């Protein structure tokens, strides 16, 4: 039986994975609310309840939605579209605000306008944050801190509901940016969606390369691993994203092919100045990127450390971190070190943990490096 709670703002999170769970934790940090969770996988909602992310588990989407003041659809775009269809057939609070966290916005916003028909207010949303981990177990209330959180309301949406939505999300400590859906899709297309295609293509390129009997994967632990890290992302999620931003990506393929054609010509002509200029311009532009600001692709927060090849050295490093209460998410010995300094790669949950670890190890006379 659903609880009766009248005095608190009621929030429904539909989709309790990494993003939905992290939003639940963040929203609760911002104010005193009552959070209901629903997921097509009942086990995810049950686990969110056990972890204290939600206050109750809704048996159905309708049961959770009918009394909600804010409805957050935190699932892949295809599921968001289906949930919008379902909500359009329900009787909800007349002043309810419906939002989502989908990675593409034009398709979602156009569909919401079509099926909701002005009956209920929809404001598209997309928090530009993520993690190498997935599922509600990885939910982190600090996931969105200092990340851009795009909001894509219709042009005629009054200021008050938009302010109300930002207020309910203030616990994310994100940087809210209001933008139109088409512009949003072009931005994330070039910054996130197309790079995922390129990373996966580079992996396919290696997989199909004739290694003359050598296992080339053993040499892919340095720069190649870093460049292609995002190719390890969830295949189902990315087929959903790519198909819903197809037109933008097809245009980006054309500009990418133009760039490849130009650099291929420089190499074919054997023009050292032109080749150097190609890399110099890229370096100059890339060096201007913000270092500690969260972007479209989640950071790995890696630290590289030089260590001696003697027994117990890795244990000494990890012991220093453990004594300081700094948690690792991954550790790797680097054998192929082209373009990377450091023989040990330590991965951390946050950039703050990484920087604290660097200072600690430097004080212990270790050489440490970032690969920003």
What number of residues within segment 111-131 satisfy the criterion of being within 13 Å of the chain's Cα centre (by Cα) and surrounded by fewer than 18 Cβ atoms within 10 Å (Cβ to Cβ)? 1
As an exercise: evaluate residue 177 against (1) surrounded by 15 or more Cβ atoms within 10 Å (Cβ to Cβ); (2) at pLDDT below 95; (3) closer than 28 Å to residue 74 by Cα; (4) touching a strand residue (DSSP E or B) at 6+ places or on another chain (Cβ under 8 Å) and give the number of the one condition it does not meet. (1)
Mind counting the residues in segment 347-359 that are closer than 19 Å to residue 332 by Cβ and in a helix (DSSP H, G or I)? 5
Candidates 64, 124, filtered to the one that is assigned to a strand (DSSP E or B) and more than 30 Å from residue 302 (Cβ to Cβ): 124
Here is a list: 15, 21. Which entry is on the phi > 0 side of the Ramachandran plot and under 26 Å from the mean Cα position of the chain (by Cα)? 15
Select from segment 226-236 the residues that are surrounded by 17 or more Cβ atoms within 10 Å (Cβ to Cβ) and in a helix (DSSP H, G or I) and write down the one among them that is modelled with the highest pLDDT. 231
Within segment 166-184, track down each residue that is assigned to a helix (DSSP H, G or I) and within 29 Å of residue 249 (Cβ to Cβ). 172, 181, 182, 183, 184
Test each condition in (1) surrounded by fewer than 16 Cβ atoms within 10 Å (Cβ to Cβ); (2) closer than 23 Å to residue 20 by Cβ; (3) in contact (Cβ under 8 Å) with a residue 40 or more places away in the chain for residue 193 and report the one that comes out false. (1)
Could you list all residues from segment 34-60 that are within 25 Å of the chain's Cα centre (by Cα), in contact (Cβ under 8 Å) with a residue 24 or more places away in the chain and not in a loop (DSSP other than H, G, I, E, B)? 35, 36, 37, 38, 44, 45, 47, 48
Can you find even one residue in segment 206-225 that is under 24 Å from residue 135 (Cβ atoms) and at pLDDT 75 or above? yes
Residues (under 20 Å from residue 112 (Cα atoms) and either in contact (Cβ under 8 Å) with a residue 40 or more places away in the chain or loosely packed, with under 15 Cβ neighbours inside 10 Å (or both)) located in segment 136-150: 150
Restricting attention to segment 105-118, does a residue exist that is assigned by TED's automatic domain parsing to the domain that holds residue 77 and without any contact (Cβ under 8 Å) to a residue 12 or more places away in the chain? yes
Among the numbered criteria (1) out of contact with any helix residue (DSSP H, G or I) (no Cβ under 7 Å at 6 or more places or on another chain); (2) modelled with pLDDT of 95 or more, which one does residue 263 miss? (1)
Return the residues of segment 220-242 that are over 17 Å from residue 332 (Cα atoms) and free of Cβ contacts under 8 Å to residues at least 40 places away in the same chain; say none if nothing qualifies. 231, 233, 235, 239
Criterion: out of contact with any strand residue (DSSP E or B) (no Cβ under 7 Å at 6 or more places or on another chain), farther than 22 Å from residue 33 by Cβ and outside any strand (DSSP E or B) - qualifying residue of 156, 142: 156
Candidates 75, 22, 103 - the one that is closer than 30 Å to residue 193 by Cβ and assigned to a helix (DSSP H, G or I): 22
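The values are calculated or read from the model by the stated rules, or taken from the named source; none is laboratory data. Computed from a predicted model, the values in this text were never measured in an experiment. All Cβ positions, glycine included, derive from the backbone under ideal geometry; neighbour counts span all protein chains shown.
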